[in-house]
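The values are calculated or read from the model by the stated rules, or taken from the named source; none is laboratory data. Because the structure is a prediction, the values reported are computed rather than measured. As a convention, Cβ positions derive from the backbone with ideal geometry for all residues, glycine included, and neighbour counts pool all protein chains shown. Note: areas computed on protein heavy atoms with side chains; ligands, DNA, RNA excluded. Shrake-Rupley method; radii C 1.70, N 1.55, O 1.52, S 1.80 Å.
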Amino acid sequence: MPAPVNASDTDILALLRDGYSNLRISRELHVDKTRVARLRRKYDIPNVTLQPLTLEEKWATRTKLIDGGHLEWLGERAGATSTPVMRYKEASYSPAAIAFEKKHGRPPQGYVKAECEYPHCVAPDHVNDEAGRQEARRKVRAERGLGDLPTQCVRGHDQAEHGRLEPDGSAYCGMCKVLDKRAQRDPSMPRRIKPRATSLEEAFRLRAKPIDGGHVRWTGPITNTTPNLRYRGANHSAYRIAFRLHYGRVPEGQARPVCGVPGCLAGGHLEDRPMRQRTASLFNAIFGA
Ligand SMILES: [Zn+2]
Ligand SMILES: [Zn+2]
Ligand SMILES: [Zn+2]
């Protein structure tokens, strides 16, 4: 016979909250049934007649709705990052993953985490899995017009399998990232290859930052007052690329902003020589030469 354990109120409460009956708890913890019943009354935990809580029910008893529609996790946490965890029938679960499955009706693919500003939020509407994050990033990529995804990375890995996107929609190779991480730990491995844009357009858009008023600021280098885009070893005027992306044709002569914001790269704010000449003749026609 196992020696009777002196179970604490906390132990008993944990099982009560898991939905076990007084009898079951008294047997499992070797405690007096009346002590269990007393605690149940004291903490106002309803009597159970049949089943203990399901995984999802247990999850629900440990969440609290707070301002902003976030769900705070009241249960156990683990590790230095205080990540919510939930034990159920002697296994450990991620409350965020349960929230994901509740919303999507399928198990998550990859790591589930909250995408809202509330740390470790477990609101089903606020969590996403790796597949969902990649899908959202594909939309960001499409909105920013970063172009089709590459089929191969610079090292020749198949991007249908290893292609991943950053939150800003730029593409990277998941396999290269793994290899780079390994290389950082192992100095005998080849040095890291810098991530590269997969097209001139993508390289341009990654450095062109929209600002207030519909203007676009260049975050890359500027050479002799011209925003410069270096791509695959060649230098390009970012003005010319912005012009071409907007008007669908190569500018004649110099393309320059006419909006009054120096260095602006908004396609519609740029004019090339024929356009400047037209503007000038229009001006003369209205106001006289
Ligand atoms: Zn949230
Ligand atoms: Zn790669
Ligand atoms: Zn502008």
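Would you confirm whether any residue within segment 169-190 is within 16 Å of ligand 1 (Cβ to nearest atom), under 18 Å from the mean Cα position of the chain (by Cα) and either open to solvent by less than 70 Å² (accessible area, probe 1.4 Å) or at pLDDT below 90 (or both)?
In the first step, residues of segment 169-190 are kept if they are within 16 Å of ligand 1 (Cβ to nearest atom); the result is none.
The answer is no, given that none of the residues of segment 169-190 is within 16 Å of ligand 1 (Cβ to nearest atom), under 18 Å from the mean Cα position of the chain (by Cα) and either open to solvent by less than 70 Å² (accessible area, probe 1.4 Å) or at pLDDT below 90 (or both).
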#### Entry: Subset of segment 56-98 that is of a type in the set (Val, Ile, Thr) and over 19 Å from Ala14 (Cβ atoms) - its residue that is farthest from ligand 3 (Cβ to nearest atom)
Thr83
### Summary
Among (1) modelled with pLDDT of 90 or more; (2) part of a loop (DSSP other than H, G, I, E, B); (3) more than 33 Å from the chain's Cα centre (by Cα), Met275 falls short only on (2)
### Task
Show the residue pairs that are 6+ apart or on different chains and have beta-carbon atoms under 8 Å apart, the first residue being within segment 260-287 and of a type in the set (Ser, Thr, Tyr), the second being more than 16 Å from ligand 2 (Cβ to nearest atom) and open to solvent by 70 Å² or more (accessible area, probe 1.4 Å).
Thr279/Val258
### Message
Looking at Thr198, Thr219, Thr151, can you tell me which residue is within 16 Å of ligand 3 (Cβ to nearest atom) and either farther than 28 Å from Ala99 by Cα or surrounded by 15 or more Cβ atoms within 10 Å (Cβ to Cβ) (or both)?
### Response
Thr219
### Query
Which ones in segment 58-76 are touching a residue at least 24 places away in the same chain (Cβ under 8 Å), farther than 15 Å from Ala123 by Cβ and either surrounded by fewer than 13 Cβ atoms within 10 Å (Cβ to Cβ) or in contact with a strand residue (DSSP E or B) (Cβ under 8 Å, 6 or more places away or on another chain) (or both)?
Lys58
### Query
What tally of residues in segment 220-251 results from selecting those that are out of contact with any Pro (no Cβ under 8 Å at 6 or more places or on another chain), more than 11 Å from Cys264 (Cα to Cα) and either at pLDDT 90 or above or not in a loop (DSSP other than H, G, I, E, B) (or both)?
15
### Message
Step by step: first the residues of segment 108-166, then only those that are small (Gly, Ala, Ser), out of contact with any Gly (no Cβ under 8 Å at 6 or more places or on another chain) and part of a loop (DSSP other than H, G, I, E, B), then the one that is farthest from ligand 1 (Cβ to nearest atom). Which residue is that?
### Response
Gly156
### Query
(1) open to solvent by 70 Å² or more (accessible area, probe 1.4 Å); (2) more than 21 Å from Gly169 (Cβ to Cβ): which one isn't true of Pro210, the others all being true?
(2)
### Filtered residue count, segment 37-75, keeping only those that are at pLDDT below 90, more than 20 Å from Glu90 (Cβ to Cβ) and among the polar types (S, T, N, Q)
2
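Out of Ala238, Ala197, Ala208, I need the residue that is within 16 Å of ligand 2 (Cβ to nearest atom) and either closer than 26 Å to Cys153 by Cα or polar (S, T, N, Q) (or both). Which one?
Working: Ala238 fails: within 16 Å of ligand 2 (Cβ to nearest atom); Ala208 fails: within 16 Å of ligand 2 (Cβ to nearest atom).
Going through Ala238, Ala197, Ala208 in turn, the sole match is Ala197.
Within segment 38-61, count every residue that is part of a loop (DSSP other than H, G, I, E, B) and more than 20 Å from His104 (Cα to Cα). Don't jump to the end; show me each part of the working.
Initially, segment 38-61 is screened for residues part of a loop (DSSP other than H, G, I, E, B), giving 43-54.
The next check asks that each one be more than 20 Å from His104 (Cα to Cα); those that pass are 43-53.
Matching residues across segment 38-61 total 11.
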### Query
Consider Ile98 against the criteria (1) within 16 Å of ligand 1 (Cβ to nearest atom); (2) open to solvent by 40 Å² or more (accessible area, probe 1.4 Å): it satisfies all of them except one. Which criterion is unmet?
(2)
